[in-house]
Amino acid sequence: MTSFRPFLQPAAWLAAAALLAGCATGPGPAASVAAAPAPAAAAAPIRVKVFVAAMFEIGRNTGDRAGEFQHWYERYWQNATPIRVAGAIAPVYCNSDGVCGAVLGMGKVNSSASMQAILLNPAFDFSQAYYLITGVAGTPPSRGTIGDVFWGSWLVDYDLGHRWAPEENTPGAPTFMPRKGYEEYRRFRLNPALLGWAMQLSAGTPLKDSDSARAYRLRYPDPRARRAPSVGEGTHVTGDTFFHGPGLSKEAQYIAKLYGADDYVITEMEAAAITLVIQRTHGTERVMSLRGAVNFDQGNPRETTLQHLDPAPGETAGGFAETVDNIARVGERVVDHIVSQWPEWSAGVPPR
């Protein structure tokens, strides 16, 4: 039976011998030992001056039909490298001026989860950041019109409370009752000084309009609904439910007044939840909410709420493309001012 012996080339024998010798004696004083590479220095976190939060994008960030994020991306982050953040629905983009932004996702859970993940990521320093929560929304025809852009004075949560069927209540009475224990996060008053700056800087912004939006407005008898778009302020109502119809619009106004807020002018889905997350980490003194109206929260007097929710082809409001552009036109005036005057703004909202 032939025995098996491993065969080594002479060079391999020499290497093995050297290895054994090293194990037996260790390196001598004259031995040459390669130094371990020094660990790479951790990159300094990005100092965020303004963070712009949008809720969705329709397709790509540029070059196609624009959603809530595209105009912001094209203004500030065309050449930015996407920064992936675990737990966030989309990457964060930052430019060299400290303006960062991201799509957070629609609805309270999506958006607040993304915001929390971004705030806690060590790649960013939010200690002096301002926050601009943006997106499209609805408006009551008594308070706004298609293409309007509203800064939020108050953020009110539409969902936190008790509701029951109208037929189980006194006719005409509200079917909503606040639930105890939610007092600290069912409504937020945004910094009046910051709101005052936002209105001062952006009130005269030229806004786009469209023929389709102009025609659609004429279906409504309300004088405010028939006006051309403008920049305003008021309460933004956050609800995961797409509430529609004059009854629920009236209920939203009732809730806003019940909580001591201003007139309800915008219905949206995220701002109160995102602001709660920011509050728990950095406070709310630097939070702004900016929404553009792309629909009315109810039908006109000649249509039912279901007809308004499910319109026939060609019967939609129009003005979406113009409104998402209007939002960015208005918001960039504030973003650019804060960044260009950063020595005045870094420590807090300066006096006007």
Problem - Spherically averaged projected area of the chain from its Cα convex hull (nm²) - result: 33.9 nm²
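Once R0 is set to 51 Å, what does the formula 1/(1 + (r/R0)^6) return for the Cβ-Cβ distance between residue 279 and residue 315, expressed as a FRET efficiency to the nearest 0.05?
Working: r = 41 Å, r/R0 = 0.80.
Step by step, r from the Cβ atoms, then E = 0.80.
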Practice task
Would you mind computing Rg(Cα) / (2.2 N^0.38 Å) for segment 180-262, counting N as its residues?
Solution key: 1.36
Handout entry: Nearest-20 debye value, the chain charge dipole, Cβ charges on Lys, Arg, Asp, Glu
Key = 460 debye
Practice task
Along Cα→Cβ, 7 Å out, is where each label goes; now give me the distance between the ones at residue 257 and residue 125 in nm to one decimal.
Solution key: 4.8 nm
Problem - Residue-level accessible surface for residue 268, protein heavy atoms, 1.4 Å, Å² - result: 10 Å²
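Per residue, how much accessible area does segment 113-155 have with a 1.4 Å probe, in Å²? Working shown, then result.
Details: 900 Å² over 43 residues.
I get 21 Å² per residue for segment 113-155.
Please state, rounded to one decimal and in Å, the Kirkwood hydrodynamic radius that segment 257-320 gives when every pair of distinct Cα atoms enters the mean of 1/r.
Details: mean 1/r = 0.0672 Å⁻¹.
Radius from the Kirkwood sum: 14.9 Å.
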Handout entry: Spatially proximal aspartates and glutamates relative to residue 208 (Cα-Cα < 12 Å; intrachain offsets below 8 disregarded)
Key = 148, 322, 325
Problem - Candidate lysines - alpha carbon under 21 Å from residue 257, same-chain residues fewer than 8 apart omitted - result: 180
Exercise for the section: First compute the accessible area of the chain with a 1.4 Å probe, then give the percent of it belonging to carbon and sulfur atoms. Expected result: 57 percent
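Would you calculate, for the chain, the mean residue ellipticity at 222 nm contributed by helices, counting each DSSP H stretch of 4 or more residues as -39,500 (n - 2.57) and dividing by all residues, to the nearest 500?
On the way: 10 runs with 109 residues, N = 352.
For the chain, the value works out to -9500 deg cm²/dmol.
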Completion exercise
Quick calc, residue 78 & residue 169: beta-carbon distance into FRET formula, R0 35 Å, rounding 0.05, result 0.05
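Per the Kirkwood treatment, what hydrodynamic radius in Å, one decimal, follows for segment 151-292 from the mean inverse distance over all distinct Cα pairs?
Details: mean 1/r = 0.0600 Å⁻¹.
One decimal place: 16.7 Å for the Kirkwood radius.
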Exercise for the section: Would you tally the net charge around residue 102, using a Cβ to Cβ cut-off of less than 14 Å, leaving residue 102 out, and scoring K and R as +1, D and E as -1? Expected result: -2
Handout entry: Near-label residues of segment 226-250 by backbone N, under 16 Å of a point 7 Å along Cα→Cβ of residue 306
Key = 244-246
Completion exercise
So residue 179 and residue 250, fully extended at 0.36 nm per residue minus their Cα-Cα distance, gain in nm 23.6 nm
Exercise for the section: Percent of Cα-Cα pairs per 5 Å bin, from 0 to the last occupied bin, for segment 241-289, please list those. Expected result: 5, 18, 22, 22, 19, 10, 4, 1
Exercise for the section: Run the quick spin-label model on residue 47 and residue 199: label points 7 Å from Cα toward the beta carbon, then report their separation in nm to one decimal. Expected result: 3.2 nm
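The values are calculated or read from the model by the stated rules, or taken from the named source; none is laboratory data. All values derive from a computational prediction rather than experimental measurement. Here the Cβ is made from the backbone with ideal geometry for all residues, glycine too, and neighbour counts use every protein chain on show. In case anyone asks, the SASA skips ligands and DNA or RNA and just uses the protein heavy atoms, side chains included. Shrake-Rupley method; radii C 1.70, N 1.55, O 1.52, S 1.80 Å.
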